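The values are calculated or read from the model by the stated rules, or taken from the named source; none is laboratory data. None of the values given here were measured: they were computed from a predicted structure. Every residue, glycine among them, receives a Cβ derived from its backbone with ideal geometry; neighbour counts consider all protein chains shown. Note: areas computed on protein heavy atoms with side chains; ligands, DNA, RNA excluded. Shrake-Rupley method; radii C 1.70, N 1.55, O 1.52, S 1.80 Å.
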Amino acid sequence: LRSGERGLRELLDSAGMYGTTVAAFVGRRILCGLLGPALLLLMSLAGRLDFRVLLGGALLTVMGWYLPYVRVQRRARLRLEQIDREVPELVDLLVTTVEGGVGFAAGLQLASRSIEGPLGQELRLALREQSLGLTPEEALRNLSLRVDSPATRAFTQALVQGESLGVSIGAILRSPSPSVATPP
């Protein structure tokens, strides 16, 4: 049960649904799944219970249970694709700010303000984590865990490795890997 709960939490996070609890999401799925039995009850009370109504009730039950999950999966996939498209813009902004003499943390703050989409949201969350006491490396690792996309993984891994090896952030950003520089 715990691994299923963790998997749902990761899916909700990937979809950017941080305010939705796993229990609330499962509750919505159950309520949607109860549409079929409710229809069957109403039809049986009205005396119109036949094979088509039973089949429709069963179909509504299955759809009510699975459609919310499929919708969140789709939202997560589209959000990750959008983030992958936004990473090159982030790299360009960071290269410009770091080469202009702005520190990396300040460059991330500037980039998080100018990138409006889900990547900007994730950057602001990583900056909030830093302000709560996490190191920049830990915040970037958490970002990579929350946003499990190839471009984000390559970007955060390059920054974390560069920081641990003492390589200049500017040098890392000026020579990005192909997976970071071009959207998939």
Compute the distance from the alpha-carbon center of the range 65-91 to that of the range 110-134, in whole Å. 18
State, as an integer percentage, the relative contact order of the chain based on alpha-carbon contacts under 8 Å between residues 6 or more apart. 21
Carbon and sulfur together cover what percent of the accessible area of the chain at a 1.4 Å probe radius? 62
Computed over the Cα atoms, what is the radius of gyration of the range 81-165 divided by 2.2 N^0.38 Å, N being its residue count? 0.98
Förster radius 30 Å - calculated FRET efficiency between LEU132 and LEU31 (Cβ-Cβ, nearest 0.05): 0.30
If you place +1 on the Cβ of every Lys and Arg, -1 on the Cβ of every Asp and Glu, and leave all else neutral, what size is the dipole of the chain about its Cα centre, to the nearest 20 Debye? 880
Highest GNM mean-square fluctuation, the chain, Cα pairs closer than 10 Å: which of SER168, SER44, SER131? SER44
Taking the Cα atoms of the chain, what is the range of coordinates along each of the three principal axes, in descending order and whole Å? 77, 32, 26
Which of the chymotrypsin sites (Phe, Trp or Tyr not before Pro) found in the range 1-85 are in a DSSP loop and have at most 16 neighbouring Cβ atoms, other than their own, within 10 Å? TYR18
With a 1.4 Å probe and all protein chains left in place, how much accessible area per residue does the range 1-110 have, in Å²? 63
Projected onto the charge dipole of the chain (+1 at Lys/Arg Cβ, -1 at Asp/Glu Cβ, origin at the Cα centre), which of LEU49, LEU34, GLN161 gives the Cα projection farthest towards the positive end? LEU49
What are the GluC sites (Glu not before Pro) within the range 101-172 that DSSP puts in a loop, where the Cβ has at most 14 other Cβ atoms within 10 Å? GLU116
